[in-house]
Amino acid sequence: MQYYSQNREWSSFCPFWRDKWCSEISLANLFPNLFDLALDKIITVRQAGGFGAAGWRWRIQFRRKLIGSEDYKELVSKVNQ
């Protein structure tokens, strides 16, 4: 997550779901079910997470509680690479 802290300007404008910032395919296309459930489909990388006492944490909100993680663990693994 060091990259994000050093590139705050970039992360403030980069669309979390629609841009190809962590893969050759957008997260919206890689995880269509999670994208459909996302409350904010135009959230930026910077808005989607932040630093807390335990380090970087993703704060993506969904319309309902995810059942069985519904690919969430895979999404977090992908964006943490």
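The values are calculated or read from the model by the stated rules, or taken from the named source; none is laboratory data. If you're wondering where the values come from, they're calculated on a predicted model, not measured in any experiment. We place every Cβ from the backbone using ideal geometry, glycine too, and count neighbours over all the protein chains shown.
One residue stands out in the range 54-81 among those that are of a type in the set (F, W, Y) and at pLDDT 85 or above: the one that is surrounded by the most Cβ atoms within 10 Å (Cβ to Cβ), namely Y72. Residues in the range 52-77 that are in contact (Cβ under 8 Å) with a residue 12 or more places away in the chain and either over 17 Å from C14 (Cβ atoms) or in contact with a Leu (Cβ under 7 Å, 6 or more places away or on another chain) (or both): G55, Q61, F62, R63, R64, L66, E70, D71, Y72, E74, L75, V76. When the range 36-53 is limited to residues that are more than 19 Å from C22 (Cβ to Cβ) and at pLDDT below 90, the one that is surrounded by the fewest Cβ atoms within 10 Å (Cβ to Cβ) turns out to be A53.
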